[in-house]
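The values are calculated or read from the model by the stated rules, or taken from the named source; none is laboratory data. Fair warning: this is a prediction, and the values are worked out from it, not measured in the lab. Here Cβ is always computed from backbone atoms with ideal geometry, including for glycine, and neighbour counts include all displayed protein chains. With ligands, DNA and RNA removed, areas are computed over all heavy atoms of the protein, side chains included. Shrake-Rupley method; radii C 1.70, N 1.55, O 1.52, S 1.80 Å.
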Amino acid sequence: MRTSVRIYNRVLIPFMLLILPLGISYLLRTDGIATDKYIDDRRNYIEQVLDTIDSSFSAYEQLIYTTVKITEELAPDKAEHEAALKLAFSSSRSALVYGIGIWYEPYSFDEKTERFGPYIHHIDSNNNKEEITYFWNTPEYNYQNREWYKTSLAAKEGEISVSPPFFDSDYTYITFGIPFSKEGKKTGVVTVDIVLPQLQGYLSDYNFSDFSGVYLTTKDNSIVFSKTDASNAAIEKHAMEGEQPGLFTDRTAVYDENEITSFFEGIGQKPEILTSETENGVFRIHAFLDRKAIFLNIIFRHSLQYLIFFLFWTSVLYLIIFNSSYLKRNYENRLLNTENERLTEEIFKRKEAESRLTFQAYYDEVSGLQNLNSFMEKEEALQPGNDNRSLIQVSLNNMKELSLILSSTIIDETLLAFTTRLKSVCPLETRLYRARGFSFFVVYDDQKTGSSQKLAEKLQNEFRFALRLGSRDIRLRAKIGLVYFKDAESLEQVLAMSQSAIAGLDVADSGRVGLFDHSVQEQKARHVVLDAAMSQPGFISELYMLYQYIVKTEDRSPAGFEALMRWKSSVLGSTVSPAEFIPMAEENGLIIGLGWFAIEEVLKAISGPLKNSGLFVTVNVSPIQFIELDFPDKLDNLLNQYAVDKNRLKLEITESSAAAAIESFWQIIDELIRRGYRLAIDDFGTGESSFHRLYSMAFDTLKIDRSFVTGLNLDERNQEICRSLMNIGKTMGSQIVAEGVETEEEHRVLREIGIKYSQGYLYARPQPLSETEFGKS
């Protein structure tokens, strides 16, 4: 018997469980079809409303077309225009038409009349009387500045424009407008004004009670009529920014379907949007139905069917479950025992995993030292100005290189051996941590002045010797930095200071302990500020060029100019030195744009104020500029654009940048010389460039660095250097320019040596081109 009951229950219970969702799904699907049919019926109703609107407004279109045709044939006579308006107005026969106007362009009616715009309109609430006025012709109103007039005049001939709703005088209107022409020229516009309050009454006769919202809009989405369910006034207020439900009276409201839809969804509705437009596309109607509410309403009407089905299903299922209670209890007992065993095992595994995670969170698995998390928790309490703790950071500088050639096992053994030696060197009261990567922290309570420095130096000496791993010796290169907790206001600042102390050490400093340097930190902060300021959209527009004379040493007459870039930053509120922003631009990739800006500004100067001077202009070019393989072609195009001779332009590069340049740099230099460009070497004599390379490239000009010119009259060694550099220039066929001339004595010695050209503050400071004799003339 028990076996028969089990088989019976195992088959029937799943079947009954399946019957419930199937039955409910069938009933819901039937109600969903009914919902779709209801929505289709309301869609047809909306289209019928729109057809009625379309029929009404088609008459207004015909009225305006007829009025335009009559107007185009009228003579410039006031009486004729008034008669035409009365005829058109009487034929409109609609309470919606408030007025009809004929509006002329300035002096288009006749040569003496600036504004002529007769306007016929109702003057009583019953629309039984009308009059023609010219109020809108006054300078105070000036219809030519009104949006409805501009919109109508901008329309194509034969095309009717519809203005957004606007408030004027006593009412809110929409204007139908169309331009008219006389003698083939747009002369003015004819308008028909529709009063929106009357349009509201016209549309309020329709039954929109089951809609969440109904909006009648023009083709540019301006709302001319709206009606919402009284319970949804908040919706209207949200979507239309405070307008009362119904008609909009004091400003143009714009229909935003996404915003209205989002709001309906936000209050729990599932909006169904019914949209239709008139045949000419002038008006659209947007109706919102709450699909969910309609669906739930249909379900509610059929609730008796759902209840009967559910009661029947519950009764049958209850009988089956009641008869199978014995089987169910046995099954639950077995399931409970199995679950208890699983939970016991799971708890054991979880505790084991939590212990491991706790260790991994606060300890380094390789070295066994506490990690950075432990450091942040245990060293948290800071006492600025009264804290004896110091932080010694030991960074193993070559571990990344060793990781590339040694196995991970050997690397772990190396770190463990390093930790053992570190523990043996440090006093017992120190606290050791492993930070990220291959850095270690030693926190020491510095009770005696200088003891932390001595411990750091002791560690420095200790790790000069190789670690012995079996038969292998491994040499570690350690950088050691020292900072004091009392100098910081937070642990994060302690870590930043320590990192800065390490970063300030280079390979040559491997034998000393790095201390935190505020100037390095300030320099980095300045670096960040400059980089942010240069990333502003208006950075290039803040750059400008100054021009410094290059003179003939013999008589000090002008031979040319050097163009020097300057930056007055609106963000920083000061002028930034090129020595700061040019290297920064080379780092962040902006130097290409700066280079082309400088070249184009120089070409503008040569083709402008300097056009008839015959002087050359040199401009500095970064070697990064030569990464552009099409640099010569772009330069050719610019010179052609400004009609500048190549002899008037010199491209200047520093000797140090030339010495560090890659082969492609020299290829571009060679191509520029081949095309006839003049190139100059700046700071000549200070770099490590190959004379063979310079000689083979035939540079036009060599500029002697100011370090050889300053105090030249007092330094015979520099005088000999200048003579040698001049002889090298002669051998290479290059002109020689001495930079940084500031005294008469320096000028005299240069003239005696035979230096042909000079540049410096003695002759002129860098200045705007407009302040030079050529800019002034």
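Structural remarks
- Just one of the numbered conditions (1) out of contact with any Lys or Arg (no Cβ under 6 Å at 6 or more places or on another chain); (2) within 27 Å of GLY608 (Cα to Cα); (3) assigned by the TED database to the domain that holds PHE561; (4) not hydrophobic (A, V, I, L, M, F, W, C) is not true of GLU739: (1).
- Residue match in region 431-444 (condition: closer than 16 Å to LEU402 by Cβ and among the β-branched types (Val, Ile, Thr)): no
- Only residues that are over 17 Å from THR187 (Cβ atoms) and in a loop (DSSP other than H, G, I, E, B) were counted in region 134-159, giving 7.
- Residue check for ILE736: open to solvent by less than 40 Å² (accessible area, probe 1.4 Å) and more than 55 Å from the chain's Cα centre (by Cα): no
- Hey, THR175 in a strand (DSSP E or B) and either more than 47 Å from the chain's Cα centre (by Cα) or surrounded by fewer than 22 Cβ atoms within 10 Å (Cβ to Cβ) (or both) or not: no
- Scanning region 505-515 for residues that are modelled with pLDDT of 70 or more and open to solvent by less than 70 Å² (accessible area, probe 1.4 Å) yields LEU505, VAL513, GLY514.
- Residue in region 583-605 that is without any contact (Cβ under 8 Å) to a residue 24 or more places away in the chain, in the same structural domain as LEU649 (by the TED database) and basic (Lys, Arg) present: no
- Elements of type strands (runs of 3 or more DSSP E) in region 607-707, at least 1 residues being farther than 17 Å from GLY595 by Cα and modelled with pLDDT of 75 or more: 616-620, 678-684, 701-704
- Restricting GLU586, GLU542 to those that are over 21 Å from GLU671 (Cα atoms) and at pLDDT below 90 reduces the list to GLU586.
- TYR60 being open to solvent by less than 50 Å² (accessible area, probe 1.4 Å), modelled with pLDDT under 85, outside any helix (DSSP H, G or I) and of a type outside the set (A, V, I, L, M, F, W, C): no
- Residues in region 145-162 that are over 16 Å from LEU63 (Cβ atoms), surrounded by 13 or more Cβ atoms within 10 Å (Cβ to Cβ) and over 38 Å from the mean Cα position of the chain (by Cα): TYR149, LEU153.
- Yes/no for ASN612 being without any contact (Cβ under 8 Å) to a residue 12 or more places away in the chain and open to solvent by 50 Å² or more (accessible area, probe 1.4 Å): yes
- Restricting the search to strands (runs of 3 or more DSSP E) fully inside region 517-593 and requiring at least 3 residues that are closer than 24 Å to PRO609 by Cβ, open to solvent by 20 Å² or more (accessible area, probe 1.4 Å) and in contact with a strand residue (DSSP E or B) (Cβ under 7 Å, 6 or more places away or on another chain) gives 543-552, 558-569.
- Residues in region 30-55 that are small (Gly, Ala, Ser) and without any contact (Cβ under 8 Å) to a residue 60 or more places away in the chain: SER55 alone.
- Yes/no for LYS219 being under 45 Å from the mean Cα position of the chain (by Cα), among the basic types (Lys, Arg) and modelled with pLDDT under 70: no
- Among the candidates GLU73, GLU82, residue that is at pLDDT 85 or above, closer than 13 Å to THR187 by Cβ, open to solvent by 10 Å² or more (accessible area, probe 1.4 Å) and of a type in the set (D, E, K, R): GLU73
- Selection status of THR71, in contact (Cβ under 8 Å) with a residue 60 or more places away in the chain and touching a Phe, Trp or Tyr at 6+ places or on another chain (Cβ under 7 Å): yes
- Each residue in region 743-773 was checked for being assigned to a helix (DSSP H, G or I) and either open to solvent by 40 Å² or more (accessible area, probe 1.4 Å) or within 16 Å of PHE708 (Cβ to Cβ) (or both), and 13 pass.
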